[in-house]
1. In segment 81-96, which residues are out of contact with any Pro (no Cβ under 9 Å at 6 or more places or on another chain) and open to solvent by 60 Å² or more (accessible area, probe 1.4 Å)?
2. Return the residues of segment 62-109 that are touching a Gly at 6+ places or on another chain (Cβ under 9 Å) and small (Gly, Ala, Ser); say none if nothing qualifies.
3. Applying the selection to segment 53-101, what residues are part of a loop (DSSP other than H, G, I, E, B) and under 18 Å from His32 (Cα atoms)?
4. Given the residues Val52, Val104, which is the only one that is more than 12 Å from Ser22 (Cα to Cα) and touching a helix residue (DSSP H, G or I) at 6+ places or on another chain (Cβ under 6 Å)?
Amino acid sequence: MDPTRTGTTRTSGTTGPGAGVSGSDRPRLAAHVRLTFSRARQRMVLLHPETVVVLNGSGAAILELCDGRHTVAEIEAELGARYETVPDDEVRQFLARLVARRWVELSDG
């Protein structure tokens, strides 16, 4: 980790699956995005201005832990404890896609 980046927030990174998301990053939802339960859909949704993203169970579980306190490694460990298997790099790939859309921000650990 680059010591000059400590405490900074990143909204985009290198391209490629999971690129730019490290285990020490602390993801959080961007200020203009909300995670909430939709009674009409009976599922968790991500609300962005003029956009509603219906989440599957694993996507919701990841985003519920994106509070700016948990590191990516801690999120992966928590999901590993909840579920029998968490495919390698799935969490980082998911977060990288949301960072690219500016829906999630990463703070260096």
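The values are calculated or read from the model by the stated rules, or taken from the named source; none is laboratory data. Because the structure is a prediction, the values reported are computed rather than measured. No Cβ is skipped: glycine too gets one built from the backbone with ideal geometry, and neighbour counts run over all protein chains shown. Areas reflect the complete protein model, heavy atoms only, side chains present, ligands, DNA and RNA absent. Shrake-Rupley method; radii C 1.70, N 1.55, O 1.52, S 1.80 Å.
1. Matches in segment 81-96: Ala81, Arg82, Tyr83, Glu84, Thr85, Pro87, Asp88, Glu90.
2. Ala73, Ala96, Ala100, Ser107, Gly109 - these are the residues of segment 62-109 that are touching a Gly at 6+ places or on another chain (Cβ under 9 Å) and small (Gly, Ala, Ser).
3. Leu55, Leu65, Cys66, Gly68, Arg101
4. Checking each option against the conditions leaves just Val104.
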